[in-house]
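Every read-out reported here was derived from the displayed coordinates using simple, explicitly stated rules and does not represent laboratory data. From a predicted model like this one, the values you see are computed outputs, not experimental measurements. Ideal geometry is used to build each Cβ from the backbone, glycine not excepted, and the neighbour counts take in all protein chains shown.
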Amino acid sequence: MTNNLTPQTPAEGILKRNDWGYSKLYNVPCSCGGDNCHHDVWIEAEDTGVTVTTYTQQKSKWWSLNRFQIIWTLLTKGYIEYEASITMTEQQTLNYAETLKSAIVDVKKFKEDHAKSV
Ligand SMILES: [Zn+2]
């Protein structure tokens with residue numbers, strides 16, 4: 001293991017899909033190469049701050065619960081829990097973190113600049 005990794009530009013494992021100024025969309029592939037566990041990360045500047053939303057095609061464990069468990073969980077919690085994992089290399093993880101940091105700064109700045117010019 002190496003400890004001298006630095007964030008990369010362009011970043012390995014982080015694909016910029018779109019950039020609307022106010023918001024940016026990235027795709028983060030899973031290092032297993034599978035199509036089902038990649039993430040889409042959407043960073044958006046709003047009046048209340050910056051929102052980071054991740055989307056992933058998840059396979060819930062619905063099918064492993066019986067009907068009663070599903071209904072009970074919905075009644076008591078209002079949702080069904082499931083989880084998604086993504087496997088990233090050390091370098092990719094670092095790039096992910098760095099991309100989030102700079103995207104947050106970018107969208108905030110865009111929003112502030114835009115607000116001034118109106
Ligand atoms: Zn995977």
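Restricting attention to region 21-42, the residues that are under 17 Å from Thr99 (Cβ atoms) and within 11 Å of the ligand (Cβ to nearest atom) total 6. For region 32-43, the set of residues classified as surrounded by 18 or more Cβ atoms within 10 Å (Cβ to Cβ) and under 21 Å from Lys111 (Cβ atoms) consists of Val41, Ile43, listed by residue number. Considering region 8-31, and only residues there that are surrounded by 13 or more Cβ atoms within 10 Å (Cβ to Cβ) and in contact with a Lys or Arg (Cβ under 9 Å, 6 or more places away or on another chain), the residue that is farthest from Ala115 (Cα to Cα) turns out to be Asn27.
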